[in-house]
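Below: the structure, in structure tokens.
The values are calculated or read from the model by the stated rules, or taken from the named source; none is laboratory data. Remember, predicted model here, so these are calculated numbers, not experimental data. When we count neighbours, we look across all protein chains shown, and the Cβ atoms used for this are built from the backbone with ideal geometry, even at glycine. These area figures cover heavy atoms from the full protein model, side chains too; ligands, DNA and RNA do not enter into them. Shrake-Rupley method; radii C 1.70, N 1.55, O 1.52, S 1.80 Å.
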Amino acid sequence: QVQLVESGGGLVQPGGSLRLSCAASGSIFSIATMGWFRQAPGQQRELVASITSGGLTNYAGSVKGRFTISRDNAKRMIYLQMNNLKAEDTAVYYCNKSPTPISVWGQGTQVTVSS
């Protein structure tokens, strides 16, 4: 059964850092390109970072240079290191297959950047 569980969010001041984790069950994730998506209130969900099974990464322009995506295929874990956080990074963050996510979503993890 496919399951995605995100964790690691929280409240952080501007300029701070957080590391998000995603535990992905289901063998497909070990070979799929995976991504971190985010959805801010009143906005559509957007893809912010993706990583192939071989470790090639891609980032949205708004997070490039600040966020780093990584994965551990053996553990079926995907990570997002977020540095120099800004207020506009406030959103619920989700992981899923990229660029076309599957219909199953986790509960997400809330990231709030505020002083």
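Of all residues in segment 24-44, those that are surrounded by fewer than 17 Cβ atoms within 10 Å (Cβ to Cβ), in contact with a Lys or Arg (Cβ under 8 Å, 6 or more places away or on another chain) and modelled with pLDDT of 95 or more total 1. Restricting attention to segment 13-46, the residues being without any contact (Cβ under 8 Å) to a residue 60 or more places away in the chain and in a loop (DSSP other than H, G, I, E, B) number 8.
Rundown of residues vs (1) outside any strand (DSSP E or B); (2) within 22 Å of Gly15 (Cα to Cα); (3) under 15 Å from the mean Cα position of the chain (by Cα); (4) not small (Gly, Ala, Ser), yes/no style:
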{"site": "Lys64", "(1), (2), (3), (4)": "yes, yes, yes, yes"}
{"site": "Arg71", "(1), (2), (3), (4)": "no, no, yes, yes"}
{"site": "Ala74", "(1), (2), (3), (4)": "yes, no, no, no"}
{"site": "Leu80", "(1), (2), (3), (4)": "no, yes, yes, yes"}
{"site": "Asn96", "(1), (2), (3), (4)": "no, no, yes, yes"}
{"site": "Gln107", "(1), (2), (3), (4)": "yes, no, yes, yes"}
{"site": "Gln110", "(1), (2), (3), (4)": "no, yes, yes, yes"}
{"site": "Ser115", "(1), (2), (3), (4)": "yes, yes, no, no"}
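Right, Leu85: part of a loop (DSSP other than H, G, I, E, B) and under 14 Å from Val111 (Cα atoms) or not? Answer is yes for this residue. Scanning segment 56-79 for residues that are in contact with a strand residue (DSSP E or B) (Cβ under 7 Å, 6 or more places away or on another chain) and open to solvent by 60 Å² or more (accessible area, probe 1.4 Å) gives Thr57, Asn58, Thr68, Arg76.
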